[in-house]
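The values are calculated or read from the model by the stated rules, or taken from the named source; none is laboratory data. No experiment lies behind these values; they were computed from the predicted model shown. Note: ideal-geometry Cβ built from the backbone for every residue, glycine included; neighbour counts use all protein chains shown.
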Amino acid sequence: MPADPSPQAESRDAVDVLIVGAGPTGLTLAVDLARRGVRSLIVEAADRPFTGSRGLSLQPRTQEAFDDLGVMDALREAGSPLLPMQTWRNGCRAGEWRLVERDPQAPVSRYPVQWLMPQWRTQQILQDRLLALGGAVEYGTRLTALRQSDQQVHAEVTQTDGSRRTLTAAYLVGADGGRSTVREALGITMKTEGGPLHAAVVADVRLDGLDREHWHMWPDGPGGELLLCPLPGTDQFQLTAPVGDEDSDPCPQRIRELIATRTHLPPTAVTDVQWTSYYKPRTALAERFRDKRVFLAGDAAHVHPPGGGQGLNIGVHDAYNLGWKLGQVLHSNAPDTLLDSYDAERRPAAHDVLDLSAQLYRLGRKPEGSRERARHRNRLTLLSVHYRDSPLSTEAREQLTPTILQAGDRAPDLAYTPADADAAAHDTPRQLFELLTGPHFTLLAVDSTPPPVPPTVRTLQVTGGALAQALGMGLFLIRPDGHIGLATHNRAHLERYYTKVGLAAD
């Protein structure tokens, strides 16, 4: 079923970017492109939006990206913070604990804790935002073939009724999941990493007999642990449980049996089974994320087990990284080579968390694993992901101390005080990321005088304070995704960097 009509619908067969897959990755990318005036179209093979809870956890860095894209207020209203865990043994409560404790050493963020949200609701909010911006989604539209020329990608799609047509785009992004049709069409292989992981069932159920203030777990049931997490904004719980191959097609009756066998609840406590899914998790990474004019993002590029709540989040960050780069190439005359930095930045970032996700999946959600999880809590927030080794990161300062942030790092979301004393006295104190919000670049002059900048670059000047301490003195060009692209004392470096990212004057 097509999404509601939009102004873009009249020219859907020729767009700037064709996105295959209407999951969180594809929708995030489309929203980012739409706010830049880039024409995109999402095609989705399924007949309707996804209805399951699946990816529940939004990490702090993901929330920052969603705030920039204008959807975080709606997500906060519909979701909840990560709930405390409640262990059950022999039908009795056996302890309350936290799955992830806050890390006092983590970078400062306005969103310091994970946020719980059923995936279908995250996608609904993203799609509403996309449609409000004039974007479009076509459901029941499956990619069946693609070919590339020097200037375009031609994609053949097939509708549910069997009709076919060819769509033309400057670029195509495959965000169509672990069994990606786009990846297969390109002949890009996935390299499996690590050993086998146990299969599991996830289901959305309604049931009686449990409070909704805890994430409930039974660690010692026959066949393994079972968890029931209240789904914010609903009257449902998400069930997760390891199972064997005999449960590869879980029916509602089997879900009731699992709950009755592994918990103290009777099968009659389950009043409804809304959605079920069986999965065999694995860790795998595509050998490359770009093939000429086609890109892979999200599960099409990397497959994560659900341990640590990374999969959905990493996909969102792929989209947030790629969106501004496509915008600069399509609308600001940036060289096509700018897009090479997508693979250079996102492939190492995805690889970095693959092994971590597998470790945490094997560890399970048990209080005995709290110490091990605490070792990785900073990485789980994704606030420390950096692109220091990217060709797009230029650190031109010398003799830096180890604590100073550098080019490639996420900019610090610290209090911003204007350098002008009168303005500082009258301005309401704000965090830096409030001023970075939007699709623009920002030049931050720290204990320095800012030079003239291109019209699309915003200038902020800082004298002293926490920002100056975190960054050191210099000129910092901050990318639209909040990472520091250039750090320098020399204005001439700015001009060269402007040309690299399409900001130089014509």
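The table for this structure:
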{"quantity": "Failed condition for Arg388, given (1) assigned to a helix (DSSP H, G or I); (2) more than 30 Å from Leu228 (Cβ to Cβ)", "calculated": "(1)"}
{"quantity": "Selected residue (only one of Val157, Val201, Val182, Val205 is assigned to a helix (DSSP H, G or I) and either surrounded by 13 or more Cβ atoms within 10 Å (Cβ to Cβ) or of a type in the set (Ser, Thr, Tyr) (or both))", "calculated": "Val182"}
{"quantity": "Any hit, segment 263-271, residues being small (Gly, Ala, Ser), in a helix (DSSP H, G or I) and either within 23 Å of Ser180 (Cα to Cα) or at pLDDT 95 or above (or both)", "calculated": "yes"}
{"quantity": "Asp249 vs. criteria within 30 Å of Thr189 (Cβ to Cβ) and either of a type in the set (Phe, Trp, Tyr) or outside any strand (DSSP E or B) (or both)", "calculated": "yes"}
{"quantity": "Candidate set: segment 211-233, residues that are among the acidic types (Asp, Glu) and surrounded by fewer than 16 Cβ atoms within 10 Å (Cβ to Cβ); chosen: the one nearest to Thr87 (Cα to Cα)", "calculated": "Asp220"}
{"quantity": "Count of segment 462-500 residues which are part of a strand (DSSP E or B) and either at pLDDT below 95 or under 19 Å from Ser332 (Cα atoms) (or both)", "calculated": "5"}
{"quantity": "Tally of residues being in contact (Cβ under 8 Å) with a residue 24 or more places away in the chain, out of contact with any Gly (no Cβ under 6 Å at 6 or more places or on another chain) and among the hydrophobic types (A, V, I, L, M, F, W, C) across segment 93-119", "calculated": "6"}
{"quantity": "Residue match in segment 49-65 (condition: in a loop (DSSP other than H, G, I, E, B), among the basic types (Lys, Arg) and more than 16 Å from the chain's Cα centre (by Cα))", "calculated": "no"}
{"quantity": "Residue within segment 232-252 that is free of Cβ contacts under 8 Å to residues at least 12 places away in the same chain and out of contact with any Pro (no Cβ under 8 Å at 6 or more places or on another chain) present", "calculated": "yes"}
{"quantity": "Enumeration of residues in segment 17-37 that are assigned to a loop (DSSP other than H, G, I, E, B) and buried (at least 24 other Cβ atoms within 10 Å of the Cβ)", "calculated": "Gly21, Ala22, Gly23"}
{"quantity": "So Thr442, is it part of a loop (DSSP other than H, G, I, E, B), in contact (Cβ under 8 Å) with a residue 24 or more places away in the chain and hydroxyl-bearing (Ser, Thr, Tyr)", "calculated": "no"}
{"quantity": "Exclusive hit being under 21 Å from Asp352 (Cα atoms) and either among the aliphatic types (A, V, I, L, M) or not assigned by TED's automatic domain parsing to the domain that holds Thr122 (or both), set Leu338, Leu296, Leu326", "calculated": "Leu296"}
{"quantity": "Selection status of Glu77, in a helix (DSSP H, G or I) and of a type in the set (Asp, Glu)", "calculated": "yes"}
{"quantity": "Odd one out for Ser357, checked against (1) at pLDDT 90 or above; (2) of a type outside the set (Lys, Arg); (3) surrounded by 15 or more Cβ atoms within 10 Å (Cβ to Cβ); (4) in contact with a strand residue (DSSP E or B) (Cβ under 7 Å, 6 or more places away or on another chain)", "calculated": "(1)"}
{"quantity": "Which numbered condition Glu138 fails, given (1) under 30 Å from Trp97 (Cα atoms); (2) in contact with a Pro (Cβ under 7 Å, 6 or more places away or on another chain)", "calculated": "(1)"}
{"quantity": "Selection count where residues are in contact with a Phe, Trp or Tyr (Cβ under 6 Å, 6 or more places away or on another chain) and at pLDDT 95 or above, scope segment 1-43", "calculated": "1"}
{"quantity": "Segment 234-246: number of residues that are in a loop (DSSP other than H, G, I, E, B) and either at pLDDT below 95 or surrounded by 14 or more Cβ atoms within 10 Å (Cβ to Cβ) (or both)", "calculated": "4"}
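Residues checked against (1) of a type in the set (Gly, Ala, Ser); (2) free of Cβ contacts under 8 Å to residues at least 60 places away in the same chain; (3) under 24 Å from Asp336 (Cα atoms):
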| residue | (1), (2), (3) |
| --- | --- |
| Leu460 | no, yes, no |
| Gly465 | yes, yes, no |
| His493 | no, no, yes |
| Tyr498 | no, yes, yes |
| Leu503 | no, no, yes |
